[in-house]
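The values are calculated or read from the model by the stated rules, or taken from the named source; none is laboratory data. Being a predicted model, the structure only gives us computed values, none of them experimental. Cβ sites come from the backbone with ideal geometry, for glycine too, and all protein chains shown count toward neighbours.
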Amino acid sequence: MISVRQQSFKLLGFLDVKNVPCARESVLYGSLGSLVVGLGHFLATSRVRRSCDFAVGGFICTMLGYWFYCRYNLAQQRIRQRMLKEGMRNKMLFEGSSFDPEKKQTGNERSNS
Amino acid sequence: MANHSQLGFQDASSPIMEELVEFHDHALMVALAICSLVLYLLTLMLMEKLSSNTVDAQEVELIWTILPAIVLVLLALPSLQILYMMDEIDEPDLTLKAIGHQWYWTYEYTDFKDLSFDSYMTPTTDLPLGHFRLLEVDHRIVIPMESPIRVIITADDVLHSWAVPALGVKTDAIPGRLNQTSFITTRPGVFYGQCSEICGANHSYMPIVVESTPLKHFEAWSSLLSS
């Protein structure tokens, strides 16, 4: 599926966050998660070193967590798009013919009434 | 085809290539997570004073055993899914034979008519304006779009490889062996590829061009060629 390509911005030189679906949001949510977890831990314990460790862990977990969630939804959306496309094409192909499912439904309704 | 200085994949024109691009994005995201962790640990190590006090490291050894196992599972599962998906053979609508020679391809459509032609690269001196250097051929493969196509690939002399990046296809052409691959093009268009196994002096000059068209145009083309 072709989408309009923006100028790429590659994080660490390889991940194009502008053109890869879900990448930008994952990194942003990851950063937010890192801030929340790190800051929260520091406010609770006043331990700088351990808070930094938690911040990095929070970044990785939040980023990957949102990534899987977003990609799963994207995959479901793609499946629905394909089914819709197939359904529209079949409707156009079979409309009025003996294979038309709407015709069969109408026929069933008439025979029931 | 690829633009000049293009590093990324070409736009996917088959369902398998779409899956491969998605897997590639997934693998890069996992790589980003690992690189972030490694960068952080490296920074920590560089700031730390060296000491020889460590005698036991049970916890960290557990972590650096379990985490890589998790990473491998995250990468292996989608990879295997695509691997098996690539091996599925739907009943193909058309079977095409591609035979590699030094240094051109021969294509045979033998399903319904005995149709066979050679495909040579168009030399740069004969290239019309606006056409692509080292990629155009005199006779393209024409296939119907949105139909499963099976390609049987072999070679006449030395090893070659039939590759079309936009369709996610690359299969070796081995003399005395028939290799099979299949694909479906999701949209009409012209897709370029090049021989991908070193085969002599003109290895770079035997491109592959696949033209995907609606069925009625494909029928018109095949009737024209076989008459």
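Tabulated data
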read-out	value
Every pair of residues 6+ apart whose Cβ atoms lie under 6 Å, when the first sits in the stretch B:194-206 and is free of Cβ contacts under 8 Å to residues at least 40 places away in the same chain while the second is part of a loop (DSSP other than H, G, I, E, B) and surrounded by 13 or more Cβ atoms within 10 Å (Cβ to Cβ)	B:GLU197/B:LEU159
Which numbered condition A:GLY13 fails, given (1) within 12 Å of chain B (Cβ to nearest Cβ); (2) closer than 25 Å to B:SER13 by Cβ; (3) free of Cβ contacts under 8 Å to residues at least 12 places away in the same chain; (4) not in a helix (DSSP H, G or I)	(2)
Qualifying position, being in contact with a helix residue (DSSP H, G or I) (Cβ under 7 Å, 6 or more places away or on another chain), loosely packed, with under 15 Cβ neighbours inside 10 Å and either part of a loop (DSSP other than H, G, I, E, B) or of a type in the set (A, V, I, L, M, F, W, C) (or both), among B:ARG187, B:ARG177, B:ARG133	B:ARG133
Any hit, the stretch A:42-60, residues being touching a strand residue (DSSP E or B) at 6+ places or on another chain (Cβ under 9 Å) and either basic (Lys, Arg) or within 11 Å of chain B (Cβ to nearest Cβ) (or both)	no
Residue among A:GLU86, A:GLU25 that alone is surrounded by fewer than 16 Cβ atoms within 10 Å (Cβ to Cβ), at pLDDT 90 or above and among the charged types (D, E, K, R)	A:GLU25
Residue selected from the stretch B:11-35 under the condition part of a loop (DSSP other than H, G, I, E, B) and buried (at least 19 other Cβ atoms within 10 Å of the Cβ), by the criterion nearest to the other protein chains (Cβ to nearest Cβ)	B:ALA12
Residue tally, condition part of a loop (DSSP other than H, G, I, E, B) and over 26 Å from the mean Cα position of the chain (by Cα), over the stretch B:190-227	1
Matching residues, the stretch A:30-66, being surrounded by fewer than 15 Cβ atoms within 10 Å (Cβ to Cβ) and more than 24 Å from A:VAL17 (Cα to Cα)	A:LEU39, A:GLY40, A:LEU43, A:ALA44, A:THR45, A:SER46, A:ARG47, A:VAL48, A:ARG49, A:ARG50
Residue in the stretch B:85-93 that is closer than 29 Å to A:LEU64 by Cα, of a type outside the set (Asp, Glu) and within 21 Å of the chain's Cα centre (by Cα) present	yes
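Quick grid of which residues meet (1) modelled with pLDDT of 90 or more; (2) assigned by the TED database to the domain that holds B:THR185; (3) of a type in the set (D, E, K, R); (4) surrounded by 11 or more Cβ atoms within 10 Å (Cβ to Cβ):
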| position | (1), (2), (3), (4) |
| --- | --- |
| B:MET1 | no, no, no, yes |
| B:LEU7 | no, no, no, no |
| B:VAL38 | yes, no, no, no |
| B:THR65 | yes, no, no, no |
| B:LEU75 | yes, no, no, yes |
